[in-house]
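Q: Here it is: the structure, laid out below.
The values are calculated or read from the model by the stated rules, or taken from the named source; none is laboratory data. What you are looking at is a predicted structure, and each value in this text was computed from that prediction instead of being measured. When we count neighbours, we look across all protein chains shown, and the Cβ atoms used for this are built from the backbone with ideal geometry, even at glycine.
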Amino acid sequence: MRTYDLTPLFRSTVGFDRFAELFDALSRAENGNASYPPYNIEKTGDNSYRITMAVSGFGEDDLAVTVRENLLTVAGKLADQDDANYLHRGIATRAFERKFNLEDHVKVTGAELSNGLLRIELERELPEAMKPRRINIRGVSTPRKKAIEGSKAA
């Protein structure tokens, strides 16, 4: 695992603290658990998104979806299994924790578990102050110079 020291960069910048968190998250994603459980992220509208995770074997009580400070966390842990004597155990039911960094103003609007798929609905709600607005351009009318009319000499 590689680690990068970004301290010199942060000495000359202001307000980029989240970059350090993103680099840490990327370095953690390199471990072998980064692919479980598999998931899709899709754009369902102009300002709406859906995360779909394959969590077969997990029930509603085994999953936790939390949002805190632009970080969506999905965790799953099965209750104690029965003491079955498996000849082959190919269904992955190990505990997991998957984190997603959310953009500012992205809200989780709901979650649904159906047929082994957990669907999390997201909506981006920009405040009026951040929405693009049209600025009217006023023209400044400059008075035209009138020609001075003089009387003709006879």
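Q: Filter the range 40-71 for residues that are charged (D, E, K, R) and either farther than 20 Å from residue 116 by Cβ or under 14 Å from the mean Cα position of the chain (by Cα) (or both) and give the result.
A: Once the filter is applied, which keeps residues that are charged (D, E, K, R) and either farther than 20 Å from residue 116 by Cβ or under 14 Å from the mean Cα position of the chain (by Cα) (or both), the range 40-71 yields 42, 43, 46, 50, 68, 69.
Q: Same structure, new question: Do you know which residues across the range 108-142 are among the charged types (D, E, K, R), in a loop (DSSP other than H, G, I, E, B) and modelled with pLDDT under 80?
A: The one that is among the charged types (D, E, K, R), in a loop (DSSP other than H, G, I, E, B) and modelled with pLDDT under 80: 131.
Q: While we're on this one: Kindly indicate the residue of the range 55-71 that is touching a Ser or Thr at 6+ places or on another chain (Cβ under 8 Å) and assigned to a loop (DSSP other than H, G, I, E, B) and also modelled with the highest pLDDT among those meeting that condition. Steps first, please.
A: Keep residues of the range 55-71 that are touching a Ser or Thr at 6+ places or on another chain (Cβ under 8 Å), which gives 57-58, 64-67.
Applying the additional criterion that residues be assigned to a loop (DSSP other than H, G, I, E, B) yields 57-58.
Values: 57: 85, 58: 89.
Selected residue: 58.
Q: Right, something else. Can you pull out the residues in the range 76-105 that are touching a Phe, Trp or Tyr at 6+ places or on another chain (Cβ under 7 Å), assigned to a strand (DSSP E or B) and free of Cβ contacts under 8 Å to residues at least 60 places away in the same chain?
A: Residue satisfying the conditions is 76 alone.
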